[in-house]
Amino acid sequence: MTENAFSWSCLLCLSLHLVSNFVCVYEMAHRENMNTSSIYSTFGRFFPNNFSLWEHLQKNWTTRDLTPFSIDFLFAGHEPDTIVLMVMYVISFVTGLVGNIMALWVLTRRRNRLSGASATRRLLVNLAVCDMMVVCVCMPVNLGHQVYNAWVFGDFLCRAVPFVQAVSVSASVLSLAVISLNRYYSVHSPLHARSFFTASRMICMIAVVWVVSSALCLPLFFMNTTKTLSLLDGLHTVTVCVESWSKVKLRQGYNFLLFCTLYGFPVVFNLIICFLTGWKLSRGGTASISDPNQLALTSSTSRLKTRKRIAKMVFALVLLFTFSWLPLYAVDIWIDANIPSSPDRNDELSNVEHRWILQSRPFAQWLGLTNSSLNPLCYCFVGNLYRSAKRFRESYREKMSSNNLNLKSIWHVSFFQC
């Protein structure tokens, strides 16, 4: 009897939790005069697994008696999907924070590790700064929004977080494009590359990257806003963070522009440049062996190995960016394609076979953000920066061992003196 009562109570709590989320969205939808597809595209996070139940409530149920339950069940930290996301975000945050701090330390302190590639080093520092912004700003706020469905971070963060995330991603991919271009010229025309990619010009290029990224993503700062949802009882309110566009076509066009400028064109450009660079390096490897001068041969071989190592690192960064952000862009494009162009249409987004796409969006967003945590691994294992970290670790151990020996000798002398 006790087990049955417990089971029924759990089922009741789960039902109230589901219904409460629909109540919040139901009220907001009536105030904004949205249809079903627009509601799901805007507020899908409130009911990621139960679109059919939302339709049933909209057609058959009255929400007036259910309003008092809506505030108590906005917390989603006990749901299995949210728990998995919490673990994944924590792992990505710790990995990204430690990895990017070490990458910045190695890239700024060990300048001679990437000999002949100071321009690439500056761009990698800029890329690590972008990754730190994503890890420290975007990950905690996105995780908090997954755990608690309502927006509690205020209007400024509602505008700033999407803007910072988009700018960081934009600066990352544009930095990769500049790195690929730099490596291409360093391989095809080394003398011209040294004279063109000077320190002052690299600083100007980095500034241009940030200005262009900010200009492209600036509409997100103005279009995102918080809206307060007043419930039927007049006593409770729920704050949500949404993109407020005057027309759906404007949002679709802007998202398509971001996809082309920040993903499609840069990825294709980077892959082509990396292929041409690798092809040139493979041809140069066979030509350098015929050098009769042993000293020149050794220097040329060493230089060729360094260039190949950096080219592999850049190619790995491009591939990592491509596969990390592809799922999120694909899901968002699918959602935009299924938003009705006019409010008079009654297009439905509740097809059972497509529901998994909407359920997978939080995980696709996590994968895209995790790209900032995985980039330092490319620096270390592909770019060979782990040697600098290894030297740092060995020097640290030597210092610690010498300090321990000094402490032991001091303790030994003081003990016998006593």
The stretch 146-250: trypsin sites (Lys or Arg not before Pro) in DSSP coil with no more than 13 other Cβ atoms inside 10 Å: Lys247
12 Å cut-off, amide nitrogen to a point 7 angstrom out along Phe275 Cα→Cβ, residues in the stretch 305-329: none
Where a label projected 7 Å from the Cα of Phe265 along Cα→Cβ would reach, residues of the stretch 169-192 with amide N under 19 Å: 169-182
Inter-label distance for Phe222 and Tyr148, nm, one decimal - labels placed 7 Å from Cα along Cα-to-Cβ: 3.1
Calculated from backbone phi, Karplus (6.51, -1.76, 1.60) coupling profile of the stretch 363-372 in Hz, x at Gly/Pro: 6, 5, 5, 4, 4, x, 5, 5, 3, 5
Virtual spin-label span in nm between Ile101 and Ala199, 7 Å along Cα→Cβ: 2.8
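Computed from the coordinates by the stated procedures, all read-outs in this text should not be read as laboratory data. Computed from a predicted model, the values in this text were never measured in an experiment. Here the Cβ is made from the backbone with ideal geometry for all residues, glycine too, and neighbour counts use every protein chain on show.
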